[in-house]
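First the structure, in the form of structure tokens, and then the observations on it.
Read-outs throughout are calculated quantities, based only on the coordinates presented, and are distinct from any laboratory measurement. Since this is a predicted model, take the numbers as computed values, not measurements. Cβ coordinates were reconstructed from backbone atoms using ideal geometry, including for glycine residues, and neighbour counts include every protein chain displayed.
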Amino acid sequence: MVATQLLSVDPIHPDAALLAIAAHALRQGALVAFPTETVYGLGANALDPSAVDRIFAAKQRPFTDPLIVHLAGVEQLDGVARTPPTVAYSLAALCWPGPLTLVLQRADRLAPNLAAGRPTVAVRVPAHPVALGLLRACQLPIAAPSANLFSRPSPTTAQHVLKDLAGRIEFVLDGGPTPIGLESTVIDLTQEPPRLLRHGGADLAPLLQLLPDLQIPTRPLIAAESAPAPGTQLRHYAPHTPLLLVSGHAAAAQNLLDAALETLSARGLRAGLLLPDEELPRYPRWAERIVALGPGEAPEQVGRTLFTRLRQLDELAADVVLARPLPQTTAGLGPAVQDRLFRAAEGHTVDAETPAALSTLLELVEQLLPGRMLTCQSGERTV
């Protein structure tokens with residue numbers, strides 16, 4: 001256990017003296033959590049393998065999940081990547097500072113353990129005054145995944161960081177809530193053609209002007225062993241309470257969820273709901289079990305509070321949570337929100353418009369709650 005110090009900093013004009021304290025700690029091998037425009041990052045000296053090891057230990061993160069290296073500016077790119085392609089500088093000019101991460105060939109000076117055994121490195125320049133001030137003060141590349149326990153919802157406030165990591169890290173710079181709330185978009189430039197590895201805070205539309213052949217997977221990318229980028233495990237961003245996604249038209253979903261809530265309650269199980277704001281009036285009977293996701297037609301607004309909402313699900317004292325996705329959209333942060341919900345549910349999804357939807361949902365609940373299966377009056381196997 002270490003003593004974790006909280007330093008409150010102005011998010012727009014951070015105190016240079018406080019940044020100097022954190023920068024000195026980083027140079028000494030300490031861990032410092034700090035706000036970016038996406039989520040809070042857990043920083044360590046990216047040139048120091050021992051410091052990088054401490055990130056994995058503090059987060060309980062597998063070494064197969066690589067870290068992102070944060071830079072103070074594009075001028076540092078040559079120091080962390082080998083022969084970056086011309087398009088990397090074009091993308092940097094368009095998006096940096098900002099929520100775009102590029103996967104490039106890794107320079108030898110970086111700690112090799114931050115790359116999950118791969119010869120690559122994920123890099124970005126954050127667009128937050130505190131993050132940039134810290135990077136400039138320490139004059140080091142900083143390895144920084146999200147500042148939370150592994151697979152938990154990412155932290156968008158200093159309080160989220162403390163809840164997960166107090167006693168595990170030396171400093172938390174409290175710069176208030178993060179403005180985007182979702183992690184960066186990740187693009188792999190070591191492949192030809194380049195490939196989108198993670199939807200995130202950067203809109204793809206302007207990027208496609210520079211990367212017209214960008215490969216965009218139709219399904220969420222799921223890492224098998226050594227991950228190509230952070231945030232590609234099937235279970236990620238998840239609350240402690242098991243989560244199950246219910247897709248399909250709102251009316252069909254209402255019929256399914258009403259039946260599922262009744263059935264589960266009759267079997268002694270409490271189910272919570274995570275719903276877009278537009279669907280809240282459909283469930284007046286279950287109001288005390290609902291966490292509102294936000295307006296479905298405004299994914300940017302949903303993104304800012306998504307991880308807070310996922311953490312609130314554990315306060316429902318529910319056995320399982322049934323969640324509804326946002327309306328399908330390929331614009332803005334819509335795909336990133338959908339990706340986070342899919343991973344929070346570990347891919348468990350039921351289509352409400354299929355004839356056997358209720359049976360499928362109950363079977364999935366049984367899988368999520370082993371040992372809690374009961375028997376229907378009819379003798380059918382259910383929960």
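Structural remarks
- Calculated [θ] (222 nm, deg cm²/dmol) that DSSP helices of n ≥ 4 give over the chain, each run adding -39,500 (n - 2.57): -9000 deg cm²/dmol
- Dimensions (Å) - segment 181-292, Cα atoms, principal axes, largest first: 54, 31, 24
- Between the C-alpha center of segment 248-276 and that of segment 141-157 there is a gap of 32 Å.
- Gyration tensor (Cα) of segment 5-210, equivalent ellipsoid semi-axes in angstrom: 25, 18, 16
- Cut-off 13 Å between beta-carbons: net charge of the residues surrounding G201, Lys and Arg +1, Asp and Glu -1: -1
- Least to most buried among Y283, Y89, Y40, Y237 (fewest other Cβ within 10 Å first): Y89, Y283, Y237, Y40
- Springs join every pair of Cα atoms under 10 Å in this Gaussian network model of the chain, and among A131, A20, A229 the largest mean-square fluctuation is at A20.
- Charge tally in the Cβ shell below 12 Å around L273, where Lys, Arg are +1 and Asp, Glu are -1, L273 excluded: +3
- From the Kirkwood radius over Cα pairs of segment 246-321, Stokes-Einstein at 25 °C and 0.890 mPa s returns a whole-number translational diffusion coefficient of 189 µm²/s.
- Axial C-alpha extent at least 18 Å, average Kyte-Doolittle at least 0.5 - helices from the chain (DSSP): 250-266
- For the chain, the longest site-free run once GluC sites (Glu not before Pro) in DSSP loop states with at most 11 other Cβ atoms within 10 Å are removed: 1-224
- Radius of gyration and Dmax over the Cα atoms of the chain, both given in Å: 21.5, 70
- Compactness ratio for segment 304-365: Cα radius of gyration over 2.2 N^0.38 Å (N = residue count) comes to 1.24.
- Positive minus negative residues near A238 (Lys, Arg vs Asp, Glu; Cβ under 12 Å): +3
- Relative contact order (%) - criterion: Cα under 8 Å, at least six apart; region: segment 243-382: 33 percent
- GNM result for the chain, Cα springs below 10 Å: residue of A345, A111, A16 fluctuating most strongly: A16
- Between the amide H of T120 and those of R106, distances stay under 5 Å, these residues lying 5 or more places away or on another chain, with hydrogens modeled in the peptide plane.
- Rounded to the nearest 20 debye, the dipole size of segment 211-369 about its Cα centre is 260 debye, using +1 on the Cβ of Lys and Arg and -1 on the Cβ of Asp and Glu.
- Shape of segment 101-156, Cα gyration tensor, a/c cut at 1.5: oblate
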